[in-house]
Amino acid sequence: MAGQPAGQGSFDALTARERSYPAPGAVHVPGWLSPDDQRRLVAACREWARGPVPMRHTRLPRGGVMSVQTVCLGWHWSPYRYTRTADDVNGARVAALPQWLAEWGRRAVAEAYGESYGDAAAYEPDTALVNFYGAEAKMGLHQDKDERADAPVVSLSVGDTCVFRFGNTENRGKPYTDLELVSGDLFVFGGASRYAYHGVPKVLPGTGDPATGLAQGRLNVTLRTTGM
Ligand code: MD3
Ligand code: FE
């Protein structure tokens, strides 16, 4: 910030959340998406939510429905597989994963891992899951293991802050770490963290900035490589 007396530090710097490495292969980069990028992502999600496959609460095999609403790009995820058509919704083929979003994924992997990752330019996500959380939505602890490739998962969050629970690779129990995911945050999960249990125990309503285009709730977009 301009006008700061030398050596005093800014309020921003005192409260800035720093990059962290909660586990091997897991990188959290707060504020990675600019306000413009967040607005662009919200606007795109709003279009994807309309179709060709509408955003909906995924039905679970035993009769439940997820509290989160989801729409997929590239491949359609339904418990517990990927298909090209949304046979559990309207049978339509999902929209393509746009090049610009795959490019954000490559930039995310490159910036999160730096030199330590083999070839971020070769990271080619082929699906995105767009999740919308209303005030009451949650996601229980689970592993993402329906992909046949072990490439990293890139997670982008916009809107209300949530509590994100990041666990171990063995079971749903402890040890786990709770951290907040704030609008604009990037998280990359690769290597030893790729099959860690994780979930969203709660959203903190009213914490998002309506200037993103999202008046309420939380959006999370994950980029993945299905290996299909
Ligand atoms: C850790 N989504 O869609 S993103 C999911 O905020 C999912 O909507 C959550 O879990 C959300 O499957 C969490 C963070 C995340 C995503 C994928 C991971 C963490 C991960 C894959 C492996 C390990
Ligand atoms: Fe997940």
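The values are calculated or read from the model by the stated rules, or taken from the named source; none is laboratory data. Since the model is a prediction, treat every value here as computed from it, not as a measurement. When we count neighbours, we look across all protein chains shown, and the Cβ atoms used for this are built from the backbone with ideal geometry, even at glycine. Protein only, heavy atoms only, side chains kept; ligands, DNA and RNA dropped before computing areas. Shrake-Rupley method; radii C 1.70, N 1.55, O 1.52, S 1.80 Å.
Here is a check on your reading of the model: is Leu223 among the aliphatic types (A, V, I, L, M), in contact with a helix residue (DSSP H, G or I) (Cβ under 7 Å, 6 or more places away or on another chain), surrounded by 21 or more Cβ atoms within 10 Å (Cβ to Cβ) and in contact (Cβ under 8 Å) with a residue 24 or more places away in the chain? When the stated conditions are applied, Leu223 passes them.
Looking at the stretch 107-147, which of its residues are open to solvent by 30 Å² or more (accessible area, probe 1.4 Å), within 26 Å of Gln69 (Cα to Cα), away from ligand 2 (no atom under 15 Å from the Cβ) and out of contact with any Phe, Trp or Tyr (no Cβ under 8 Å at 6 or more places or on another chain)? So that I can check it myself, show each step before the final result.
Keep residues of the stretch 107-147 that are open to solvent by 30 Å² or more (accessible area, probe 1.4 Å), which gives 107, 110-111, 113-119, 121-122, 124, 126, 132, 135-136, 138-143, 145-146.
Those still in the list that are within 26 Å of Gln69 (Cα to Cα) too: 124, 126, 132, 135-136, 138-143, 145-146.
When the remaining residues are screened for being away from ligand 2 (no atom under 15 Å from the Cβ), the result is 124, 126, 135-136.
Residues satisfying the conditions are Glu124, Ala135, Glu136.
With respect to the conditions (1) more than 16 Å from ligand 2 (Cβ to nearest atom); (2) among the aromatic types (Phe, Trp, Tyr); (3) more than 15 Å from the chain's Cα centre (by Cα), Trp104 lacks only one, and its number is (3).
The set of residues in the stretch 201-222 being within 16 Å of ligand 2 (Cβ to nearest atom) and touching a Ser or Thr at 6+ places or on another chain (Cβ under 9 Å) consists of Val203, Arg218, Leu219, Asn220, Val221, Thr222. Taking the stretch 186-210 as the range and being of a type in the set (A, V, I, L, M) and open to solvent by 60 Å² or more (accessible area, probe 1.4 Å) as the test, only Ala192 passes. Scanning the stretch 180-202 for residues being more than 14 Å from the chain's Cα centre (by Cα) and on the phi < 0 side of the Ramachandran plot gives a total of 7.
If a residue must be modelled with pLDDT of 95 or more and closer than 14 Å to Trp100 by Cα, how many such residues does the stretch 117-138 contain?
First, pick out the residues of the stretch 117-138 that are modelled with pLDDT of 95 or more: 123-138.
Narrowing the set further to residues that are closer than 14 Å to Trp100 by Cα leaves 123-128.
The number of residues fulfilling the criteria is 6.
Going by what's in this entry, would Val154 be described as within 26 Å of Arg56 (Cβ to Cβ), within 16 Å of ligand 2 (Cβ to nearest atom), within 13 Å of the chain's Cα centre (by Cα) and surrounded by 14 or more Cβ atoms within 10 Å (Cβ to Cβ)? Yes, satisfied.
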